[in-house]
Structures are given as structure tokens and as C-alpha cells.
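The values are calculated or read from the model by the stated rules, or taken from the named source; none is laboratory data. Bear in mind that the values here come from a model prediction, so they are computed numbers and not experimental data. Glycine also receives a Cβ, built like all others from the backbone with ideal geometry; neighbour counts cover every protein chain displayed.
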Amino acid sequence: MRSFYYAFRGLANAFGSEFNMRIHVVAALLVTVAGFYFKIAAAEWGMIVLCICSVIAMELINTAIEKLCNHVTAEQHPAIKQIKDIAAAAVLVTALGSLVVALIIFLPKLILLF
């Protein structure tokens, strides 16, 4: 049970300290509302949930890597910069892939509205 406590504390810490985490959570809420509004299919829900969880998980990993790097050294170091940039790129790739999935699911439904 303690591991759940620590995990939820980590989520709360990331949400409280990372602006990008809050952006991802707001985006997830908007996509969820859109899913209910458009009554998307079960398979589409599966893809949406997988994308939301993947983006948030990558943001958590990125945050952990950044905090570890900052703990190792507060000085500017080329290797630390490269590590942070690569971790941020992983979030970007996941978020862009999730955006593509969202467009595939929602764009046809949005077009039908107009």
C-alpha cells in the first residue's frame, strides 16, 4: 500500500510543479469530454486512453530525469543538457503521435458538424 501512496505523491508533485503536466491533464480532460460528446467507439476509447496514459507517463519520466539531472549538478553541462533534451523529445514524440490519433478519431466527427 505504501507504494501506491508514493506513486500518488509523485503524481501530485509532478502536477503541482510542472506546467507541462497541467497542460497534458487539461488536454486529456478536453479529449475525454469530446469522446463522450461524440460517443466514440470502444476501440477509439482504447486508443485515447492509451495515448493519454502514454503522454502522462512520458511527462513523469521526463520530470524525473530533469530532477535527477538537476540534483547531480546545478552547473551547465553539455551531457546533462543533451540528456534533458532527449527526455523532452520523448514527450514531444508521444504527444505528437497522440495528436495524430486524436485527429484521426475526431476530425471526421468535427467535419460532420459543419
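What the table below lists for this structure:
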{"item": "Helices (runs of 4 or more DSSP H) (entirely within region 1-72) containing at least 3 residues that are within 11 Å of the chain's Cα centre (by Cα) and surrounded by fewer than 16 Cβ atoms within 10 Å (Cβ to Cβ)", "result": "19-38, 42-72"}
{"item": "Conditions (1) within 30 Å of L113 (Cα to Cα); (2) in contact (Cβ under 8 Å) with a residue 60 or more places away in the chain: number failed by N20", "result": "(1)"}
{"item": "Contacts under 8 angstrom Cβ, first residue in region 64-75 being at pLDDT 95 or above, partner surrounded by 13 or more Cβ atoms within 10 Å (Cβ to Cβ), 6 or more apart", "result": "I65/I83; I65/K84; I65/A87; E66/K84; E66/A87; C69/I80; C69/I83; C69/K84"}
{"item": "Residues of region 1-34 satisfying the condition of being of a type in the set (S, T, Y), at pLDDT 95 or above and closer than 17 Å to L68 by Cβ", "result": "Y6"}
